[in-house]
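Quick notes on the structure that follows.
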Amino acid sequence: MKNHARVNRLIEEAMAERRCAFSPIESENAALRRRIAEDGGLLRPARGLYVPSDYWNGLDPFERSMHMARAMARQHPKWVFVGNIAAAAHGFEHSWKLHDGTVSIASAYHNGFCRIAKVRRVYIPEQCMSVEVVDGLPVLDKIRTVLNCSVQYDFPYGLPIADSALRQGIGRRDLSAGCSAMRIGYAQAARVLRYADGASENGGESMCRAVMIDEGFAIPLLQTIFVDPETGRQYRADFAWRLPDGRIAVGEYDGTQKYVDPQMTGRRSVQTVVQMEREREEALRRAGVSLIVRFTYDDVIERVPLVNKLLRAGIPQSSSSIHRR
């Protein structure tokens, strides 16, 4: 009975602190494990970490990672978090796909992964270990986090983080200086910084642009302003290209939030939002836009639909990319 009460208290304390429960005391740890077997009311997302099932199922991937990291930071005070955890702690926009149930920490020796503990060790040279504490978590500082993520993740996942850092006001020169000092991963990080642009409005648009670059398409202008000659209203296009024949093409990234998130729709109905999009397209055409291409998140992730839409619109693509495909 005593252990039962203590387990309840451990769980309550953990939930109040937005982390997973754990105990260094073996009898309490055993009691937590028994709770899983007895009624299934607890889950074990990683070795030694416990959380109520209903509570866990209500968390998004981002919050699940952070709950694990906050608990691990208490268990291992000397750990420094990198990758997905550092990006989240600094508030950089990034794909939820990076929150795959694992936590990334710095290692002075090698890369590695422990499946049971759900810990991914990422080699960080000593000269790159500039650490700060954010929300109680020891993480790489902002500049090193951008560079680390540029190396740790594929280009479409690294570019949104770099774009977000520039939007936050981090200096491009500071990022470039940090990149120049890198001995491992320089080429990957340099490529991300070469294309990083703080004008990108959100992570979805950044990922979309990264795939365009990967596939060899002409780099679009970002957030170009078009003025409707009839009304004088201004409209910003996510992407814009001037085609070889002089026509102007516009690309619009449509995240599902645009239609269902009250914060994005101003609590207007889906029908109203769709009608406003039609009016927007008509205004863009009056402003001189010849082609409007829309992309979805699935188009970007699957790549082929995005590539086909861009090709049909006549967006220039390098011959080397065509040959590669």
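Rg (Å, one decimal) plus Dmax (Å, integer) for the alpha carbons of region 1-103?
Rg and Dmax of region 1-103, Cα atoms, are 14.0, 45 Å.
Which longest uninterrupted range of the chain lacks any GluC sites (Glu not before Pro) assigned by DSSP to a loop state (not H, G, I, E or B) and surrounded by at most 14 other Cβ atoms within 10 Å? Please report the intermediate quantities before stating the final value.
On the way: sites that count: E17, E230.
Free of exposed loop sites, the longest segment is 18-229.
Set the Förster radius R0 to 22 Å, insert the Cβ-Cβ distance between R278 and R236 as r into 1/(1 + (r/R0)^6), and round the FRET efficiency to 0.05.
The pair R278/R236 has a calculated efficiency of 0.80.
Quickly work out the V133-to-Q75 label distance, labels modelled 7 Å from Cα along the C-beta direction, and quote it in nm with one decimal.
2.1 nm
For a bin width of 5 Å, list the pair-distance distribution of region 128-253 built from all Cα-Cα distances, rounded to whole %.
The distribution over region 128-253 is 2, 11, 18, 19, 17, 12, 8, 6, 3, 2, 1, 0, given as percents.
Treat the count of other C-beta atoms within 10 Å as a stand-in for reagent exposure and order Y195, Y157 from fewest to most. Walk me through the numbers before you get to the answer.
Numbers: Y195 18, Y157 22.
Listing Y195, Y157 from fewest to most nearby Cβ atoms yields Y195, Y157.
For K309, project a label point 7 Å along Cα to C-beta. Then give me every residue of region 272-294 with its amide nitrogen under 19 Å of that point.
273-285, 289-294
Could you tell me what percent of the DSSP beta bridges with both partners in the chain are antiparallel, to the nearest 5? Kindly include the intermediate steps, with their values, before the conclusion.
Values: 23 of 35 bridges.
Bridges in the chain are about 65 percent antiparallel.
Net charge within 9 Å of V51 by Cβ-Cβ distance, Lys/Arg positive one each and Asp/Glu negative one each, not counting V51 itself? Don't skip to the end; give the middle numbers.
Details: positive: R19, R44, R64; negative: none.
Result for the neighbourhood of V51: +3.
Taking only pairs that are 8 or more places apart or on different chains, how many Lys pairs in the chain have Cα atoms under 29 angstrom apart?
The result is 9.
Tilt of helix 61-75 relative to the longest C-alpha principal axis of the chain, in degrees (0 to 90, nearest 10)?
40 degrees
Relative contact order of region 147-248, please, whole-number percent, based on alpha carbon pairs below 8 angstrom and at least 6 residues apart. Numbers along the way, then the final one.
Working: 125 pairs, mean separation 25.5, N = 102.
In percent, rounded to a whole number, it is 25.
If you project the alpha carbons of the chain onto their three principal axes, what span does each projection cover, largest first, in Å?
For the chain, the Cα spread along each principal axis is 76, 51, 36 Å.
If R₀ is 45 angstrom, what is the calculated FRET efficiency for the pair A117 and A199, using the beta carbon separation as r and rounding to 0.05? Spell out each step's value before the answer.
Numbers: r = 40 Å, r/R0 = 0.89.
The value I calculate is 0.65.
Throughout, read-outs are computed from the coordinates displayed, never taken from laboratory work. Everything quoted here is computed from the prediction, not taken from an experiment. Neighbour counts are summed over all protein chains in view; Cβ atoms, including those assigned to glycine, are modelled from backbone coordinates with ideal geometry.
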